[in-house]
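Since the structure comes first, as structure tokens, the remarks are kept for the end.
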Amino acid sequence: MFYLEGTIDRFENDVAVIRLETGTSLLWPKEKLPNDTHEGSVIKVGVDSIIPKTEATEVLAKDVLNEILKND
């Protein structure tokens, strides 16, 4: 798993704007954050791939493309 560090910049309605260490912003549902999170809180966001789901998506995409090409 790969982690990015970020800081809660602000809340806009039910969405947190997280300023990542990369300089980009990430919009995240407020209810998916820990209850004690506030503006200025430093958080860690994990990124991981789900190999079986990725493979299934690739197979589906190939099937759809093959179906489109057959209909021409």
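Values computed for the structure shown
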read-out	value
Any chance G6 is on the phi > 0 side of the Ramachandran plot and either hydrophobic (A, V, I, L, M, F, W, C) or not in a helix (DSSP H, G or I) (or both)	no
Of all residues making up the stretch 1-52, the number that are of a type in the set (V, I, T) and loosely packed, with under 12 Cβ neighbours inside 10 Å	6
The listed residue being without any contact (Cβ under 8 Å) to a residue 12 or more places away in the chain, among the β-branched types (V, I, T) and out of contact with any His (no Cβ under 6 Å at 6 or more places or on another chain), out of T37, T24	T24
Checklist (1) at pLDDT 95 or above; (2) part of a helix (DSSP H, G or I) applied to A16, failing item	(2)
Residue list for the stretch 35-64, restricted to those being within 25 Å of G6 (Cβ to Cβ), outside any strand (DSSP E or B) and more than 17 Å from the chain's Cα centre (by Cα)	N35, D36, T37, H38, E39, G40, S41
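The values are calculated or read from the model by the stated rules, or taken from the named source; none is laboratory data. Computed from a predicted model, the values in this text were never measured in an experiment. FYI the Cβ positions are ideal-geometry reconstructions off the backbone, even for glycines, and counts take in every protein chain you see.
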